[in-house]
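Coordinate-derived values only; no laboratory data. The model shown is predicted, which means the values in this text are computed figures rather than measured ones.
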Amino acid sequence: MFEGITFAHPWFLLLLAVVPIALFWGILNFTKSRRAIVLPGMPSLPPSKQGWRTVALRFLPFLRGLALIFLIIALARPQIANGIQTIDSEGIDIMMATDLSKSMELQDFKPNRIEAAKKIGIEFIHRRASDRIGLVVFAGESFTLCPLTIDHNIVIGQLSEVTPDFLRDGTAIGMGLASCVDRLRQSNAKSKVVILLTDGVNNSGSIDPLTAADLAIKFHVKVYTIGVGSVNGTELQLPGFGGFISSDIDEALLQNISRKTGARYFRATDNAALRHIYEEIDQLEKVKVQSSAFLETSEAFLPWLIAAYIILCLEFLARFLFIKTIS
């Protein structure tokens, strides 16, 4: 009967202990009211046959006791649980900036740098269920593929499709970082983070990387930088490219950016190292996300109150209209 029911004021249920006392008192009064008066010198009369009114009168205390039970239950405010609703507080806002320069097709990663970065980046996104994530890509220019969103399927879909042919060639690190900061500057998240992945030297764009880093400091954005490449300062052959391509990483610049913004620089030389870097960033950027769950309920006291009222009305009608007893 009470399955799925909770009580807003359960202490009222303690009053149920009074019901047996009230019931006993009502029966006792009924017995006294029906006691025969014996007069001296008069012969005792045989007991009269009890009619239906007299029998019904015996049950009136029980009706009143039942009404009292229902009234106490109504006072305890029964509520029916409709389900649990959970609200997650705001986590971290993360912008991922991915280099799409031609050198990202080099195959010192498996199958190449860009595909490894995409795959491992998607693994990272899957672990950040409570965070808003956005995506910026850059080469000779920068472009926001996805603004901050909690719908990670959109980010993953966009990241899965990008290739180095998406933008004109070059490495505009400052432009990529500035685009990320612009997306984060109005964020109210507890922590604002950029993960900038590149395998080159800034050689394009109208914004200097250190100027972009100063903007990140102004808007309290931490910039984790990742240098991708098994070698540095070497020309590698790119299949199908018809020549060699430079594999320089400006590690001093990336270290400076991360240090200024209160973050860290990482160097990835293969798939396993890149995966470990993302796992480490995942651990570094943990905000205690508070989940508040509350029980969604609907009030259920009214039927009990109505039942108590109906029973009291029946008791009143039975006592004063049909049975017509004399107190």
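How much of the DSSP bridge set in region 90-284 is antiparallel, in percent, rounded to the nearest 5? Of those bridges, close to 25 percent are antiparallel. Exceedance of the 22 Å cut-off in Cα-Cα distance is limited, within the set 119/260; 222/286; 190/260; 102/260; 110/222; 118/260, to 119/260; 102/260; 110/222; 118/260. Would you work out if region 90-284 is rounded, prolate or oblate? Take a ≥ b ≥ c from the square roots of the eigenvalues of the alpha-carbon gyration tensor; rounded if a/c is under 1.5, else prolate when a/b is larger than b/c, oblate otherwise. Here region 90-284 falls in the prolate category.
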